[in-house]
Amino acid sequence: MKNPFSINSKIEICKNGECFLNARRVELLIKVHEYGSINGASRALKMSYQQAWHFLKHMNGLSPLPLVSISRGGVSGGGAAITDYGLKVIEEYKQISETMNEFTTEQSTKIEFCNF
């Protein structure tokens with residue numbers, strides 16, 4: 001009989017008690033990289049532009065190096081680009097997440113309190 005219980009976890013990387021990265025923020029960074037703009041990324045994630053801007057500004061502020069380079073609009077338009085450091089952070093978060101998922105999957109098979 002398949003065990004109906006499983007272990008779920010969410011990864012949140014904090015700096016001095018403040019959320020620096022979580023799945024939603026990494027997803028935002030990935031979309032900014034795909035779209036080249038905060039507006040495009042926020043629309044794709046069904047997130048307000050203001051919230052996306054706040055997350056990016058907050059992450060850049062907590063990070064030792066900028067994750068996102070933002071240029072304001074104007075005649076030629078604005079844009080946003082993920083820095084090399086930002087790409088490294090995304091990859092490291094993905095690795096941590098994959099490792100955590102493997103661990104929780106393995107540990108889920110060891111739950112015995114429901115086997116009777």
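The values are calculated or read from the model by the stated rules, or taken from the named source; none is laboratory data. All values reported here derive from a predicted model rather than from experimental measurement. FYI the Cβ positions are ideal-geometry reconstructions off the backbone, even for glycines, and counts take in every protein chain you see.
Per-structure values
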| item | result |
| --- | --- |
| All positions within region 64-79 that are modelled with pLDDT of 95 or more and either in contact with a Leu (Cβ under 9 Å, 6 or more places away or on another chain) or among the acidic types (Asp, Glu) (or both) | Leu67, Val68 |
| Residue selected from region 1-47 under the condition among the charged types (D, E, K, R) and touching a strand residue (DSSP E or B) at 6+ places or on another chain (Cβ under 8 Å), by the criterion farthest from Thr83 (Cα to Cα) | Lys10 |
